[in-house]
Amino acid sequence: MSGFSKRVGDFLRAEWGGVILDVWDGLGLAGQKPRVTPKAILQFIHTIPLTLTALALTAGFQAVQQQSWGAGFVSDIGVVRSTLPFWQALLRTPLSLFVPALDLPVWGALLQLAVVFGIAEVTVGRLRTLAVAYAATLAGTSYARYALAAGPHGFLSLPTDVVTGRDTGPSAAVAAVAMYVALRYRAWLTASAVAVFVVGEAVLFPNLAGYEHCAGLAAALIMCWAERRAEARHRSGAPPSRS
């Protein structure tokens, strides 16, 4: 049993050790025990303002859209559909990322945002997290427009009444950011699990959200590939070090 436990521990350290250490260090907790003090709280807020803002916006939009007076307001400023003019969809996209689905419990979206965005913001940076999230959102929106143009019998398309529904909210961005971080840290099992879950869900339960999640994953994969290509070109073109 001890041998099995050691193998499991070695695997977990290889898969997530780098992420955990970087998160711990990024939160200013390296070499010390976590304590709830005013200084620690301020450090926490200073480290993940993007994640906290995303949580506040998502919770706020959910609270407003559940009111009889607020559903139309949220729809007008943050809900994207494939039937909208593209310029209008682009204007709504910055907020559409934080508008949760009406038919799902918001606590699930908030938990996903807290964990995935929080880890990403500390490990890969605020700008990269936001870039991947919005790339995934735009990829999902673009898929919906493709499916509407291709018709119900087009390649990887869906029925018209499905693709004219509202775009997915934070979930596509969360899946893409999780994939991006896993690939950056070479956490291959985690990346594979995210891909299998997202693609499997789309195959078993084909709907607009599932297909938009797949489009978001594709965007994250392309961004990772492009970054690695750029890094490889930079290394190959760098002058040899003088030691």
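Throughout, read-outs are computed from the coordinates displayed, never taken from laboratory work. Every value quoted in this text rests on a predicted model; they were computed, and no experiment measured them. Please note: Cβ atoms are built from the backbone with ideal geometry, for glycine as well, and neighbour counts cover all protein chains shown.
Go through the range 125-161 and name the chymotrypsin sites (Phe, Trp or Tyr not before Pro) that are in a DSSP coil and have 12 or fewer other Cβ atoms within 10 Å of their Cβ.
Phe155
Stokes-Einstein D for the range 84-146 at 37 °C, 0.692 mPa s, Kirkwood Rh over Cα pairs, in µm²/s? Walk me through the numbers before you get to the answer.
On the way: Rh = 13.0 Å.
Translational D for this selection: 253 µm²/s.
Suppose a student asked you for the relative contact order of the range 48-234, using Cα pairs under 8 Å spaced at least 6 residues apart; what percent would you report?
Reported relative contact order: 23 percent.
Sum -39500 (n - 2.57) across every DSSP H segment of at least 4 residues in the chain, then divide by the residue count to get the 222 nm mean residue ellipticity, nearest 500. Working shown, then result.
Details: 12 runs with 175 residues, N = 243.
Estimated from H runs of four or more residues: -23500 deg cm²/dmol.
Among residues other than Arg166 whose Cβ falls under 13 Å from its Cβ, what is the net charge (Lys/Arg +1, Asp/Glu -1)?
With Lys, Arg at +1 and Asp, Glu at -1, the net is -3.
Taking R0 as 25 Å, what's the FRET efficiency between Trp188 and Trp24 from their Cβ-Cβ distance, rounded to 0.05?
E between Trp188 and Trp24, to the nearest 0.05, is 0.65.
Between [x] 0.96; [y] 1.02; [z] 0.99, which matches Rg/Rh (Cα atoms, Kirkwood Rh) calculated for the structure shown?
Checking each listed value against the structure points to [y].
Suppose the chain between Val199 and Phe73 were pulled fully straight at 0.36 nm per residue; how much longer would it get relative to their current alpha carbon spacing?
42.1 nm
Could you list the trypsin sites (Lys or Arg not before Pro) in the range 88-191 that lie in coil according to DSSP, counting only those with at most 12 other Cβ atoms within 10 Å of their Cβ?
Passing both the DSSP loop test and the Cβ count: Arg186.
Could you check the spin-label model distance between Ala150 and Lys39? Points 7 Å from the Cα along Cα→Cβ, value in nm.
So the two model labels end up 5.7 nm from each other.
Within the range 75-91, what residues put their amide N at less than 16 Å from the label point 7 Å along the Cα-to-Cβ vector of Leu104?
Hits in the range 75-91 for Leu104 at 16 Å: 79-80.
Name all residues of the range 58-82 having a backbone nitrogen under 20 Å from the label point set 7 Å from the Cα of Ser142 along its Cα→Cβ direction, giving them as ranges.
80-82
7 Å from Cα along Cα→Cβ at both Thr83 and Glu231: what's the point-to-point distance in nm?
The answer from the label model is 4.5 nm.
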